[in-house]
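One structure is given here, and the rest of the page talks about it.
The values are calculated or read from the model by the stated rules, or taken from the named source; none is laboratory data. Only a predicted model underlies this, so the values are computations on that prediction, with no experimental measurement involved. Cβ: placed from backbone, ideal geometry, glycine included. Neighbour counts: every protein chain shown. Only protein heavy atoms, including side chains, enter the accessible area calculation; ligands, DNA and RNA are left aside. Shrake-Rupley method; radii C 1.70, N 1.55, O 1.52, S 1.80 Å.
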Amino acid sequence: MTEWINSIKAQFVLNFIEGDRWKLLVSGLGVTLKITLIAMVLGIVIGVILATIRSTYDLTKDDGRGGFGRVLLKIFNVIAKIYLTIIRGTPVVIQLLIIYFVIFASSDNGVLIAALAFGMNSGAYVAEIIRAGIMSIDRGQMEAGRSLGFNYIETMRYIIIPQAFKNVLPSLANEFIALLKETSVAGYAAIQDLTRAGNIIRSKTFSAFMPLVAVALIYLAMVMILTYFVGRLERRLRNSER
Amino acid sequence: MSDNDVLIKVRNLEKKFNGVTALKSVNADIKKGEVVVMIGPSGSGKSTFLRCMNLLEIPTSGTITFNGVDITDKNVDINVHRQKMGMVFQHFNLFPHMTILKNMTLAPMKLQKKSEEEANAEAMKLLERVGLADRAQAYPSQLSGGQKQRIAIVRALCMKPDVMLFDEPTSALDPEMVGEVLEVMKELAEENMTMVVVTHEMGFAREVGDKVLFLEDGIIMEQGTPDEIFNHPKTERLQNFLAKVL
């Protein structure tokens, strides 16, 4: 028994203490969080823009008012659809590699490029989640807002979006949890994120168990923290109705 | 009838949904202070007609003149005119994520730039009138159907509209709650509010209406005072309809 404990201890020292290897994990975690955070913000921005275009096009389809605005909206809608098809139809690793090695081949700011790639990817999924949320709100809400004299955008802002946001919060949280874990492929683009850090330790110490399990536990802890805060937010939003 | 007395003038109004005609060359004048009640079988186009008046449905052709402005003109900012046309829906359409008070003050504060105190004070006054002042901080899900509809009415009144449009306001209510909503509407009529009401409540039409329109198949088949419509119906269609509902 003591022998087993001693061997674990030795493994731990070898993998994390010797050569200050734990610092690799800390800086890797920093990179992962940075990529996730920037990608999340970018994803929300892209998602809201795409969802607004798509649902505005759908919701105003039969109000019979044509003109230049309608043509413009139609063009934007087509562009949005193409974007969604491409992003959702190809693997995120390929998107990352294309953006890193083809589009920004001359840049060396890997973290920012990865954040851009993951953000663009996440934006497509966020867009569809938000659009579903908007379309799920009873059309009477839009009519009530418009009948009071609010224009389309004001009705969206004060009446539709707040309700839609509450409905899609669980799906959005899911998307961001998936995003956090998806960033683990950033190593493909020579970025030292958390996963890559664990892998580097493994290749130096030739022991796989400790570093990989440590990495897994760190991801798990972050997801659990995220889940906890989303749960609290959800409860607070729900309370406002009872 | 002088032209300035007419608040809403409808001329040759036509509405088609994907080629199906819902309204055929409808003409009507709604005078200031008048209560116009629209009756007719379901699918007759009365709700469509009402919803055309504030352009929730865009007419296929024809004109609607409100306060002297042709609101079907594409260059007219309809949002400005809708502020002066209150609307009450069959399914209330209160905003579930806001308190009753917030439901009522949102539009006055954002659109008429009223201060929160002013908007709150006006809303509370209206709430007292319909006996719901104690529910100001409640959420719509905590109210009964009758209460919700009374709130929907005062929410529209907060904008101080020139006309109130009612789209079957009691059709989604339990029978015992119909009375309280009709009572509020009656009081409104007594205060000389201009009202257009689509309803199946024949008692209300007879008692409160100044003019009754009978619609069928997208046309106004017959119109007149409640006495003319209910006691001396001319067309066979109206006679049949009344026989069924009375």
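I'm told A:R157 meets every condition in (1) open to solvent by 20 Å² or more (accessible area, probe 1.4 Å); (2) of a type outside the set (F, W, Y); (3) more than 30 Å from B:V163 (Cβ to Cβ) except one. Can you identify the failing condition by its number?
Checking A:R157 against (1) open to solvent by 20 Å² or more (accessible area, probe 1.4 Å); (2) of a type outside the set (F, W, Y); (3) more than 30 Å from B:V163 (Cβ to Cβ), the one that fails is (3).
So how many residues does the range B:102-120 have that are out of contact with any helix residue (DSSP H, G or I) (no Cβ under 7 Å at 6 or more places or on another chain) and away from chain A (no Cβ under 12 Å)?
Qualifying residue count for the region: 4.
Restrict the check to the range B:45-60 and report whether at least one residue is touching a strand residue (DSSP E or B) at 6+ places or on another chain (Cβ under 6 Å), surrounded by fewer than 19 Cβ atoms within 10 Å (Cβ to Cβ) and over 27 Å from B:A123 (Cβ atoms).
So far as the range B:45-60 goes, yes, one or more of its residues are touching a strand residue (DSSP E or B) at 6+ places or on another chain (Cβ under 6 Å), surrounded by fewer than 19 Cβ atoms within 10 Å (Cβ to Cβ) and over 27 Å from B:A123 (Cβ atoms).
Please pick out the residue among A:F206, A:F165 that is within 14 Å of chain B (Cβ to nearest Cβ) and either surrounded by fewer than 21 Cβ atoms within 10 Å (Cβ to Cβ) or touching a strand residue (DSSP E or B) at 6+ places or on another chain (Cβ under 8 Å) (or both). First the steps, then the outcome.
Values: A:F206 fails: within 14 Å of chain B (Cβ to nearest Cβ).
Only one candidate qualifies: A:F165.
Check A:L112 against each of (1) open to solvent by 40 Å² or more (accessible area, probe 1.4 Å); (2) within 14 Å of another protein chain (Cβ to nearest Cβ); (3) among the aliphatic types (A, V, I, L, M) and name the one condition it does not meet.
(2) is the only condition that A:L112 fails.
Across the range A:115-143, which residue is nearest to the other protein chains (Cβ to nearest Cβ) among those that are assigned to a helix (DSSP H, G or I) and open to solvent by 70 Å² or more (accessible area, probe 1.4 Å)? Steps first, answer last, please.
At the first step, the residues of the range A:115-143 found to be assigned to a helix (DSSP H, G or I) are A:115-135, A:139-143.
Still in the list and also open to solvent by 70 Å² or more (accessible area, probe 1.4 Å): A:125, A:135, A:139.
Values: A:Y125: 25, A:M135: 17, A:R139: 9 Å.
Only one residue fits best here, namely A:R139.
In the range B:68-82, which residue that is of a type outside the set (A, V, I, L, M) and either within 9 Å of chain A (Cβ to nearest Cβ) or touching a Leu at 6+ places or on another chain (Cβ under 7 Å) (or both) is farthest from A:R146 (Cα to Cα)? Write out each step before concluding.
First, the residues of the range B:68-82 that are of a type outside the set (A, V, I, L, M): B:68, B:70, B:72-75, B:77, B:79, B:81-82.
Now drop any that are not either within 9 Å of chain A (Cβ to nearest Cβ) or touching a Leu at 6+ places or on another chain (Cβ under 7 Å) (or both), which leaves B:74, B:77, B:79, B:81-82.
On the way: B:K74: 17, B:D77: 12, B:N79: 7, B:H81: 11, B:R82: 8 Å.
Top of the filtered list is B:K74.
Counting only residues that are closer than 16 Å to B:F166 by Cβ and aliphatic (A, V, I, L, M), give me the helices (runs of 4 or more DSSP H) lying completely in the range B:29-120 with at least 2 of them.
On the way: elements: B:46-53, B:78-82, B:100-111.
Counting at least 2 such residues, we get B:46-53.
Counting residues that are within 14 Å of another protein chain (Cβ to nearest Cβ), which helices (runs of 4 or more DSSP H) fully inside the range A:1-108 reach at least 3?
Working: elements: A:2-12, A:22-59, A:68-89, A:92-97.
Helices (runs of 4 or more DSSP H) meeting the threshold: A:68-89.
Would the range B:84-98 turn up any residue that is in contact with a Gly (Cβ under 6 Å, 6 or more places away or on another chain), surrounded by 17 or more Cβ atoms within 10 Å (Cβ to Cβ) and farther than 17 Å from B:H200 by Cα?
Within the range B:84-98, one or more residues are in contact with a Gly (Cβ under 6 Å, 6 or more places away or on another chain), surrounded by 17 or more Cβ atoms within 10 Å (Cβ to Cβ) and farther than 17 Å from B:H200 by Cα.
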